[in-house]
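The structure under discussion appears below in the form of structure tokens.
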Amino acid sequence: MIVASNLTKRFSIATGVKTAVNSLSFTVQPGEVYGLLGPNGAGKTTTLRMVMGLLQPDEGEVLIDGIRSDSASQSVLSKLGMISTNDGVYPWLSVREMLVYFADLYGVPLRDAQKRLVELAGLLGIETFLDQRCSTLSTGQRQRVILARGLMHDPPVMLLDEPTRGLDIVGSRTTFEYIDLLRSQGKAVLLSTHRLDEAERLCDRFGLLHCGALRYEGSLSQLQSQTGREHLVDMFLELLDQRSARSEMDASRKAMSDSLEGLD
Amino acid sequence: MLEMLRSGRFWRMCVKELRETLRDRRTLFTLVLMPLLVYPLLSMTLQRLLLSSASKSTSDNYLVGVQSDVELEQFGSTITDAQEAISRNAYNPIRIEVRSTASHVYSDPKKTHSHWKVAVFDNDLNELLESGRIDLAIAITAPAVEEPKSSANIRTSRKTRRFEVRFRQGDAQSESAVFEFRRLLQTLNDQQSRQLREEHGMGREAIVELEATAIGRKSSIVASLAAVVPLILLLMTITGAVYPAIDLTAGERERGTMEALISTPVPRFALLLSKYVAIVTVSVLTAIVNVSGMIVTFSIGGLGKAILGEEGVPWLSLLQIFPLLIVFSGFFSAILLAMSCVAKSFKEAQAYLIPTMLLALGPGVLSVMPGIYLTPNMAVVPLFNMILLARDVLAGQFHWFPAIITLISTFLYAVGVMALAARIFGRNVLSPQSDMQWKRGWKSSTANGKSPMLGDLFVFLAIFFPIYFVASNTIGVSEHTTLTNRLWIKASLTLVLFLLIPIAFAWWQGFDMRRTFRPFENRKWIFLMPGLILLVVSLWTVAHEIFVISELLGIATLRPEQLAAANQMKLALQELPLLLIWLTMAIVPAIAEEAFFRGFALRAFLSTLKPGFAIAASAILFGAFHVLTGSVLSIERFLPTAALGGVLGWLAWRSGSLMPGWIVHAGHNGLLFTIARYEEPLREMGWGVTDQRHLPVSWVAAGCAAILVGLTYCAFSTKKRT
């Protein structure tokens with residue numbers, strides 16, 4: 001369903017050019033939950049935006065159901081549902097108004113949208129505040145509303161960017177259960193998170209990103225055999241150790257060249 | 001987009017944006033509270049200004065002229081009643097002296113505030129008034145007040161006494177006199193009304209009425225105040241658009257809803273347009289509230305007549321000014337929206353918009369200075385043009401030509417700015433720096449080797465229209481320039497405007513020149529030659545007939561002197577070499593205009609519209625530019641030129657090359673001017689074709705048949721391509 005090949009994205013910043021994502025390739029099949037894991041700044045959100053077609057990759061491509069996400073983004077976008085923790089809500093609209101509005105934007109007829117709203121409200125436990133203004137919602141309630149918003153048009157591909165951030169235990173469990181349901185419905189789910197415990201429980205396969213590049217990929221057992229570590233947390237820490245080791249190496253190299261220059 | 005309009009989704013999007021904006025208390029504050037605060041304050045300030053300016057230059061002795069002893073008697077009795085009413089209320093006592101051949105005197109020597117002298121004159125009162133010998137000229141047109149016989153028939157028995165007062169506009173003494181007299185009558189009316197209520201339980205009823213007519217020109221102070229009104233109105237309209245513009249773009253970005261919005265399968269331009277509609281609606285609502293607030297405040301405060309003239313609220317002018325406010329709202333909302341699109345936060349947007357509003361004040365204030373008029377060239381200067389037009393409309397003395405140019409240019413600027421905004425909208429969610437958005441806004445998103453899109457054409461037109469208008473208006477030709485030089489100047493201007501400027505724009509935007517202008521994209525145009533020749537020799541017949549029919553239908557706008565000038569030029573053409581005529585009036589215009597209208601513009605229309613609509617749109621644009629030739633609006637040229645533009649557009653689309661258009665356009669123009677040049681010999685041969693009369697039916701029929709054959713031939717010759 002999602003085929004990303006050789007994705008590369010560079011940004012111009014004040015100090016030069018930063019490569020946010022470097023030659024990243026992965027696939028997510030229908031009925032599969034793929035975990036895109038990595039520390040902050042690893043390139044997870046940039047990857048998701050390229051999958052959405054919101055950002056044009058400098059190199060490589062993403063195919064959603066065989067269609068390039070950047071070339072025909074309008075038709076691709078209707079197949080995708082995106083949920084991000086950075087998302088907000090419209091403070092002056094009620095939850096119901098906002099969800100129906102988004103369903104309309106995705107071309108869902110009003111009657112179907114109302115039906116879907118009732119369904120999702122029961123599933124995500126938002127029925128009690130459906131007619132409340134969004135500005136009055138708590139963080140957890142808002143997160144659940146955002147989750148419902150991404151699912152209103154029942155997309156075959158779901159992109160979840162830190163879906164449980166800010167949720168309490170009950171909210172997180174509801175989200176996990178829903179992701180399980182998405183998998184059972186045959187949807188392709190791309191999950192970006194740094195909550196490794198939840199990733200371990202939810203994902204069928206993992207891609208460990210570091211500095212924009214994919215370091216390890218595979219199922220948990222495959223990763224265990226690749227890294228020799230039991231848990232994702234250990235694998236993750238090893239990645240960070242490698243980075244700190246590299247920065248130490250860079251620092252010693254620089255010190256050496258400085259001293260050589262001093263000798264000259 | 002059309003699908004969204006049909007399904008009603010676009011309007012639901014607009015309603016959502018509007019609902020969200022109107023629920024916000026900050027919008028309501030700007031919408032309602034600001035006008036409620038601003039206009040009373042303004043009214044008070046202006047009133048003080050008017051009173052202080054009046055008190056500096058006037059005395060309290062007023063000389064009134066009437067034309068009969070009866071009028072003198074009635075004036076005297078009214079003034080006496082007013083005096084009594086004032087004495088009873090113990091405020092503003094007056095001294096009245098009525099003097100005529102009979103020389104009656106009414107006075108209150110104890111507390112003199114104003115002093116009225118009334119005299120009967122045999123001379124024309126208007127002359128006396130204009131020469132400054134009297135301050136007011138009064139005529140009383142209704143019978144004197146009859147006392148009611150009983151309370152039952154009080155309404156019918158009471159008759160209104162009507163004072164027709166003429167005063168010198170621009171003269172402080174005369175205006176002060178009419179102001180004082182109005183106050184006196186108001187006091188009298190109030191007192192009589194009170195008396196009626198107490199004695200008979202009746203409501204308010206006017207006993208005396210005043211109709212004041214101004215004579216002469218308005219004074220500069222009052223004129224300036226009246227000029228300030230549209231400026232305030234327009235500025236308040238802008239104020240209404242500021243908050244929604246920020247909230248629906250930068251605010252949405254800050255709240256984190258923008259990414260979810262642009263992730264939906266709705267074109268970004270549709271999202272932007274729905275926000276724009278909401279902003280314009282709020283801005284227009286603000287305008288309505290402002291107009292109402294201004295009228296009510298000025299009427300209650302008594303400033304209405306001082307500022308808007310003796311006729312009071314000019315309802316017709318207000319009706320006329322309302323569409324102006326909508327156009328202005330559209331223009332400024334587009335600017336505010338584009339600037340807010342760049343900002344990543346509310347604060348950043350405010351930092352952009354507040355200086356913009358202050359900058360807008362500059363031309364706004366300059367435009368209300370005396371001696372600045374809405375000339376045709378001024379009509380393309382944004383903001384200036386709208387304020388000057390609003391001022392003229394309120395004064396009831398606007399001219400159609402600059403008014404139309406003002407509306408067209410403002411509309412084009414709004415569309416151009418919206419096209420720029422569409423390049424930026426939503427991108428700052430994904431880009432790390434907002435200063436990059438400014439650069440992105442100026443550069444086409446389709447650049448780097450592609451041809452222009454519709455939005456790029458709108459940006460171009462917004463830049464191009466004022467240049468075209470001012471150039472064709474200014475780089476005209478003095479009467480002393482020879483016809484040869486005039487033709488060269490005109491040809492050079494056409495070349496610069498329609499060829500060099502579009503090329504420069506395309507280069508700046510990074511378009512592929514070959515794909516944009518398509519000069520020789522398809523070399524098989526050579527096979528079209530027989531069809532093209534048929535079109536060249538026949539198109540003029542139909543164009544001529546459409547022109548004549550337009551005139552017959554009464555859509556001709558050329559004045560007799562302009563037609564005479566055209567005829568004179570036609571005669572002068574007969575002295576010029578044919579080669580010069582072909583070069584300057586056929587070949588150069590064909591090369592330049594085809595490059596723009598059938599190259600750049602048609603390419604841009606085709607990027608969004610179906611071929612038929614794209615050809616029609618480029619033809620309308622071609623016709624519209626031929627209507628506006630310098631300071632002349634020749635509407636009768638629209639239909640024939642647009643029809644020709646349609647044929648040329650179709651040829652360009654079918655052939656994929658500009659060459660057929662160049663040949664037909666140059667051939668058509670050249671043939672027309674050749675006929676004009678050889679008018680006399682042709683007339684001798686019985687071919688009087690340059691008169692503004694119908695051609696023989698056989699000619700028109702032959703022309704139509706030749707066009708059909710020519711087009712069919714071209715259609716078959718390009719069949720494979722399509």
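Mind checking the mean number of beta-carbon atoms from other chains within 10 Å of the Cβ atoms in B:265-273? Provide the component values of the computation, followed by the final result.
Details: counts 12, 7, 2, 1, 0, 1, 1, 0, 0.
That average works out to 3.
In this structure, residue B:288 and residue B:124 have a Cβ-Cβ separation that, at R0 = 51 Å, corresponds to a calculated FRET efficiency of about 0.65.
For Cα pairs less than 8 Å apart in space and 6+ apart in sequence, what is the mean separation divided by the residue count of chain A, i.e. the relative contact order in percent?
Values: 465 pairs, mean separation 64.5, N = 264.
The normalised contact order for chain A reaches 24 percent.
Converting phi to 3J(HN,Hα) with the Karplus coefficients 6.51, -1.76 and 1.60 and the offset θ = phi - 60°, the stretch A:77-83 yields 4, 6, 8, 10, x, 10, 10 Hz in sequence order, with x at every glycine or proline. Could you tell me what percent of the DSSP beta bridges with both partners in the stretch A:152-224 are antiparallel, to the nearest 5? Given both bridge residues lie in the stretch A:152-224, the antiparallel proportion sits at roughly 50 percent.
Accessible-area rank, largest first, for B:613, B:547: B:613, B:547, with all protein chains present and a 1.4 angstrom probe. Backbone amide hydrogens, once placed in the peptide plane, bring residue A:213 within less than 5 Å of A:22, excluding anything fewer than 5 places away on its chain.
Here the mean projected area of the convex hull built on the C-alpha positions of chain A is 16.9 nm². Per residue of A:97-105, other chain Cβ atoms within 10 Å of the residue Cβ number 5 on average. For the stretch A:198-210, backbone phi angles converted through the Karplus equation (6.51, -1.76, 1.60; θ = phi - 60°) give residue-by-residue couplings of 5, 5, 4, 6, 9, 8, 7, 9, 10, x, 8, 9, 8 Hz, Gly and Pro being listed as x. Across peptide A:79-92, the mean count of Cβ atoms from other chains lying within 10 Å of each residue's own Cβ comes to 5.
Report summary: the helix-based calculation at 222 nm, which adds -39500 (n - 2.57) for every DSSP H run with n ≥ 4 and divides by the residues of chain A, gives -14000 deg cm²/dmol.
Amide H contacts of residue A:58 (H built 1.01 Å from N, in plane; Pro and chain starts excluded): A:8, A:9, A:10 sit under 5 Å, all sequence-distant by 5 or more or on other chains. So if I take the centroid of the Cα atoms in the stretch A:1-45 and the same for the stretch B:612-652, what is the distance between those two points in Å? If you average the Cα positions of each part, the centres end up 51 Å apart.
For the listed peptides A:198-205, A:50-57, B:408-415, a ranking on the average number of other beta carbons within 10 Å per residue, highest first, reads A:50-57, B:408-415, A:198-205.
The 3J(HN,Hα) values that the Karplus relation (6.51, -1.76, 1.60; θ = phi - 60°) gives for the stretch B:694-699 are, in residue order, 4, 7, x, 4, 4, 5 Hz. Gly and Pro appear as x. Over 32 Å between C-alpha atoms is what I'm after, so list which of A:44/B:347; B:347/B:610; A:9/B:347; A:18/B:275; A:187/B:347; A:115/B:344 land there. Exceeds cut-off: B:347/B:610; A:18/B:275; A:187/B:347; A:115/B:344. What is the calculated FRET efficiency for residue B:507 to residue A:110, with r their C-beta to C-beta distance and R₀ = 60 Å, to the nearest 0.05? Given R0 = 60 Å and the Cβ-Cβ separation, E is 0.75.
Distances between placed amide hydrogens fall under 5 Å for residue A:206 paired with A:35, A:218, A:219, all partners being 5 or more residues away or on another chain.
The values are calculated or read from the model by the stated rules, or taken from the named source; none is laboratory data. Quantities reported herein were computed from a predicted structural model and do not represent experimental measurements. Please note: Cβ atoms are built from the backbone with ideal geometry, for glycine as well, and neighbour counts cover all protein chains shown. We work out accessible area using only protein heavy atoms, side chains counted, and drop any ligands, DNA or RNA first. Shrake-Rupley method; radii C 1.70, N 1.55, O 1.52, S 1.80 Å.
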